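The next block holds one structure in the form of structure tokens; read it before the comments.
Throughout, read-outs are computed from the coordinates displayed, never taken from laboratory work. These numbers were taken from a predicted model, which means no experiment stands behind them. With ideal geometry, Cβ positions are generated from the backbone for all residues, glycine too; neighbour counts draw on all protein chains shown.
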Amino acid sequence: MADTKIGEITHYYDKIGVAVLKVTGSPLKVGKTIKITDKNGEEKFTQEVTSMQIEHQQIKEAKKGNEVGLKIDQEVKEGDEVFGVK
């Protein structure tokens, strides 16, 4: 089954390892496994979502239209896409 698009990275703070994710598709919950791909669709890495915040407040779920801070294991770039892994 195909992975489900969740959204796109709009910013990355390398010093703290946090990416800003604009949710444009399926909701995202803490504990879900995500896959990050570059603009060409090449897979960079997968990881489990362990922490999400909106305006410095911890949240458990991000819905379409939200922009959330996401703790990321590896460097990402603006325009990278985020997918939920089945």
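Can you tally the net charge around Ile9? Count Lys and Arg as +1, Asp and Glu as -1, for every other residue whose Cβ sits under 11 Å from the Cβ of Ile9. Working shown, then result.
Values: positive: Lys22, Lys39, Lys44, Lys77; negative: Glu8, Asp38, Glu67, Glu75, Glu78, Asp80, Glu81.
Local net charge: -3.
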Report summary line: The ³J(HN,Hα) series, computed from each phi in the range 54-63 with the Karplus coefficients 6.51, -1.76 and 1.60 at θ = phi - 60°, rounded to the nearest Hz and given as x for glycine or proline, is 10, 6, 6, 10, 5, 10, 9, 9, 10, 10
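What FRET efficiency comes out for His56 versus Lys15 if R0 is 22 angstrom and r is the Cβ-Cβ distance? Round to the nearest 0.05.
Numbers: r = 16 Å, r/R0 = 0.73.
According to the calculation, E is roughly 0.85.
For Ile54, Ile9, which order do you get if you count the other beta carbons within 10 Å of each Cβ and list the fewest first?
Neighbour counts put them in this order, fewest first: Ile54, Ile9.
Can you check how the C-alpha radius of gyration of the chain compares to 2.2 N^0.38 Å, as a plain ratio?
Working: Rg = 11.4 Å, N = 86, 2.2 N^0.38 = 12.0 Å.
For the chain, the normalised Cα radius of gyration is 0.95.
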